[in-house]
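K.L.:
Handing you a structure now.
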Amino acid sequence: LARNPGEAEFHQAVTEVFESLGPVHDRHPELLEAAILERLCEPERQIIFRVPWTDDSGRVQINRGFRVEFNSALGPYKGGLRFHPSVYLGIVKFLGFEQIFKNALTGMPIGGGKGGSDFDPRGRSDAEVMRFCQSFMTELYRHIGEYTDVPAGDIGVGGREIGYLFGQYKRITNRYESGVLTGKGMSWGGSLVRPEATGFGTVIFTQEMLKTRGSSFDGQRVVVSGSGNVAINAIAKAQTLGASVVACSDSSGYIVDEAGIDVALLREVKEVERGRLKDYAVRRPGVSYVEAGSVWDVDATVALPCATQNELDGDAAARLVRNGLVAIGEGANMPSTRDAVSVFQDAGVLFGPGKAANAGGVATSALEMQQNASRDSWSFEHTEQRLTEIMVGIHHRCASTADEYGEPGNYVLGANIGGFVKVADAMLAQGLI
Ligand code: NDP
């Protein structure tokens, strides 16, 4: 920790993984001898760069860009780019570190990495976002590639941004290298189901947890945080499975829609108009909008945090548990604080950690890479079927690992050990690198 001062989120993510790994070292002392843990915590490469661009008024703006190439034991670095004012090295490293284990759990041949910038796309015109993305890629292009490092989207980076980034990569390199980025548009190398995959996958994973208690999403009262890519698609999938999703949020407030959220209207407001949740409430009778406040004040039997890290603390967790929560599936990365995770686990709530529950996005990115490599494009049904199999497989891997290590139902332990063992074995086999 002393080597990485001031990187609170990175410390949190590392501590959580390390706390699960005691039993692995008892069984496999060779991993300790090979300093696998120390090597895992040190990224293979970290790139930090200046991103200059001009805004619509002609003023020069400077942002900071990051790409942390964490671990390539299983395949090329793979992980999203986040554009949000809170981005700094500690956030990128926590996300990259989590990504190593998440990608291992998918069973696909992908290593772990993450990147982004402290650029805030909110309130920026399309032209400003394009100029920023072009400048960002003008440095990033030399570090990435189909066989090296394959970025994708995350907070603040969706189809529009991936388009601008891909266009600039193609222009600089003079190569139509589809496999260099994932999350592309359908007509230029994207995969069906990729936009839906993280939210859908989170719900599929949570449904698998519910099944272990003879239950399902049918009839559940669900609360979701966020109203971006992951949240909207989680809401849609949960409702398809018979749940009533009654609340969701953005960083300004939350809505309560007791009739069940109207996904078509939500998509119109957030994806087409790029508006705020407040606009949804204005357009739909009977919906209340609560400025500020916490969406976790709304009672639920299933909670799906899909916004950002550390958005659900111990007090909110205790309130949810008191009000009848039975399951929580993390669509976001590390949305629950360490206190919150303890509260859920002590109360016997089914808890699906992000590195397992939200792996559907990166898994479908790997499916996009497969389609690019074979110059093919699969149907929605086939791709969704693959996603479902992958999520069921991840659930099985976490559950059986937790059983094997004597803690049945502990998905945190199952995910951390399951991901770690796979990466550690590959690192051992590849020598001291
Ligand atoms: P989006 O940018 O599409 O949406 C993010 C949502 O979260 C918005 O509603 C945003 O509100 C809200 N939010 C973001 N930051 C904050 C904050 N500091 N406080 C409160 N609300 C906030 O991002 P995604 O849906 O893609 O990502 C959401 C989460 O899912 C992240 O943790 C991401 O790492 C994780 N994830 C995403 C994957 C993907 O495929 N996209 C894959 C795996 C994980 P507002 O608009 O007001 O900012």
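The values are calculated or read from the model by the stated rules, or taken from the named source; none is laboratory data. What you see is a predicted model; the values in this text were computed from it and never measured. Note that we place each Cβ from the backbone using ideal geometry, even for glycine, and neighbour counts take in every protein chain shown.
K.L.:
How many of the residues in segment 383-423 are farther than 13 Å from Leu21 by Cβ and in contact with a strand residue (DSSP E or B) (Cβ under 7 Å, 6 or more places away or on another chain)?
P.N.:
Result for segment 383-423: 1.
K.L.:
A follow-up question, please. Could you please find all residues in segment 254-270 being more than 12 Å from the ligand (Cβ to nearest atom), buried (at least 16 other Cβ atoms within 10 Å of the Cβ) and among the aliphatic types (A, V, I, L, M)?
P.N.:
Once the filter is applied, which keeps residues that are more than 12 Å from the ligand (Cβ to nearest atom), buried (at least 16 other Cβ atoms within 10 Å of the Cβ) and among the aliphatic types (A, V, I, L, M), segment 254-270 yields Val256, Ile261, Val263.
K.L.:
A further question on this structure: Just checking, how many residues over segment 398-408 are under 22 Å from the mean Cα position of the chain (by Cα) and more than 15 Å from Ala104 (Cβ to Cβ)?
P.N.:
Matching residues across segment 398-408 total 1.
K.L.:
Right, here's the next one. Among the residues in segment 70-88, are any more than 14 Å from the ligand (Cβ to nearest atom) and free of Cβ contacts under 8 Å to residues at least 24 places away in the same chain?
P.N.:
no
K.L.:
Within the set of pairs 6 or more residues apart or between chains, which connect a residue that is closer than 14 Å to Ala303 by Cβ and outside the structural domain of Gly159 (by TED's automatic domain parsing) inside segment 223-241 to a residue that is near the ligand (Cβ under 8 Å from one of its atoms) and at pLDDT below 95 with Cβ atoms less than 7 Å apart?
P.N.:
Once the first residue is closer than 14 Å to Ala303 by Cβ and outside the structural domain of Gly159 (by TED's automatic domain parsing) and sits in segment 223-241, no partner that is near the ligand (Cβ under 8 Å from one of its atoms) and at pLDDT below 95 comes close enough.
K.L.:
If you don't mind, another one. Within segment 326-349, restricting attention to residues that are away from the ligand (no atom under 16 Å from the Cβ) and buried (at least 22 other Cβ atoms within 10 Å of the Cβ), which residue is nearest to the chain's Cα centre (by Cα)?
P.N.:
Taking the candidates together, the pick is Ala327.
K.L.:
Of the conditions (1) within 21 Å of Ile162 (Cα to Cα); (2) acidic (Asp, Glu); (3) free of Cβ contacts under 8 Å to residues at least 24 places away in the same chain, Asp55 clears all except one; give me its number.
P.N.:
It fails just one condition, (3).
K.L.:
More than 24 Å from Gly153 (Cα to Cα), more than 16 Å from the ligand (Cβ to nearest atom), at pLDDT 95 or above and crowded, with 21+ Cβ neighbours inside 10 Å, is that true of Gly418?
P.N.:
Answer is yes for this residue.
K.L.:
Does any residue of segment 232-253 turn out to be farther than 24 Å from Gly361 by Cα, assigned to a strand (DSSP E or B) and within 13 Å of the ligand (Cβ to nearest atom)?
P.N.:
Yes; the residues of segment 232-253 include at least one that is farther than 24 Å from Gly361 by Cα, assigned to a strand (DSSP E or B) and within 13 Å of the ligand (Cβ to nearest atom).
K.L.:
Picking from Asp339, Asp315, which residue would you name as being in the same structural domain as Val256 (by TED's automatic domain parsing), farther than 23 Å from Ile235 by Cβ and touching an Asp or Glu at 6+ places or on another chain (Cβ under 7 Å)?
P.N.:
None of the other options fit; the residue is Asp339.
Let's see how each residue does on (1) crowded, with 22+ Cβ neighbours inside 10 Å; (2) touching a strand residue (DSSP E or B) at 6+ places or on another chain (Cβ under 8 Å); (3) touching a residue at least 60 places away in the same chain (Cβ under 8 Å); (4) closer than 27 Å to Phe119 by Cβ:
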residue	(1), (2), (3), (4)
Gly159	no, no, no, yes
Gly163	no, no, no, yes
Gly167	no, no, no, yes
Arg171	no, no, no, yes
Glu177	no, yes, no, yes
Gly190	yes, no, yes, yes
Phe200	yes, no, yes, no
Ile204	yes, no, yes, no
Arg213	no, yes, yes, no
